[in-house]
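The values are calculated or read from the model by the stated rules, or taken from the named source; none is laboratory data. On a predicted model such as this, the values are computed, not experimentally measured, just so you know. Cβ atoms come from the backbone with ideal geometry, glycine included; neighbour counts cover every protein chain shown. SASA here: full protein model, heavy atoms, side chains in, ligands and nucleic acids out. Shrake-Rupley method; radii C 1.70, N 1.55, O 1.52, S 1.80 Å.
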Amino acid sequence: VKMAQCLLKKRNFFCREWTFSKINHCLENRPTSKTCGALIVGGPGCGKSAVCAELTWHTVSQGKQCLLNQRLIAWHFCQAHDIESLSITSFILNLVNQLSESKQINGYLDIINDPEVQRLLNPVEIEKNPDLVFQQAVLEPLQMLEKPERTVFMIVDSIDECYLQSLGEKNGESRTIA
């Protein structure tokens, strides 16, 4: 499975270091807060993807982004120019592969090695039942794991890149990452 790359990978990052403090604060307060995630929102060109790229492939040797990167368990960048990155099958398989290799969470690989989960991870099955596969191969195994010592997170960037593909679909089932 080819993982989608971000065009901003390893590009110099300037002037938004404060965002890493905010993200760190969100993660540190997660155990006592009522939220279950965070969204980085903003207009086109404001730096959302740059922040996500810096968290994924930090360009400095010290800083909050380096510490946050140690808590990153999986990532996916949707890129309008890369149709594979917009594929629901690639999205799910990328996350499963990264979660399987993550050193921050223990036991995920054991859970997804179950023959039924492996059957679901067939690309044909993912295309047929993406919601079910995502639920049973990503969400449920993560919920079954012992909570890690520190809050961890995943990045899914540029979901809006997929949104236009799904506008004509009204059947209630996911066909895109959006």
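Looking at ILE92, ILE126, just one residue is buried (at least 21 other Cβ atoms within 10 Å of the Cβ) and farther than 29 Å from LEU27 by Cβ, and that residue is ILE126.
Selection of region 49-68 for residues being in a helix (DSSP H, G or I) and open to solvent by less than 40 Å² (accessible area, probe 1.4 Å) yields SER49, ALA50, VAL51, CYS52, ALA53, GLU54, LEU55, THR56, GLN65, CYS66, LEU68.
For SER102, the criteria (1) of a type in the set (Gly, Ala, Ser); (2) closer than 14 Å to PRO141 by Cα; (3) out of contact with any strand residue (DSSP E or B) (no Cβ under 6 Å at 6 or more places or on another chain) hold in every case but one, which is (3).
For every residue, the table says whether it meets (1) within 28 Å of ASN69 (Cβ to Cβ); (2) outside any helix (DSSP H, G or I); (3) modelled with pLDDT of 95 or more.
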| residue | (1), (2), (3) |
| --- | --- |
| ARG119 | no, no, yes |
| PHE134 | yes, no, yes |
| ALA137 | yes, no, yes |
| GLU161 | yes, no, no |
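Filter region 69-80 down to the residues that are outside any helix (DSSP H, G or I) and either without any contact (Cβ under 8 Å) to a residue 60 or more places away in the chain or of a type in the set (S, T, N, Q) (or both), then identify the one that is surrounded by the most Cβ atoms within 10 Å (Cβ to Cβ). Break it down stepwise before answering.
Our first condition is that a residue be outside any helix (DSSP H, G or I); within region 69-80, this holds for 70-80.
Right, trim to either without any contact (Cβ under 8 Å) to a residue 60 or more places away in the chain or of a type in the set (S, T, N, Q) (or both) and you get 70, 79.
Working: GLN70: 10, GLN79: 17.
Across region 69-80, the extreme among qualifying residues is GLN79.
If only residues of region 95-114 that are among the polar types (S, T, N, Q) and either outside any loop (DSSP other than H, G, I, E, B) or open to solvent by 30 Å² or more (accessible area, probe 1.4 Å) (or both) are counted, the one that is nearest to ARG71 (Cα to Cα) is GLN104.
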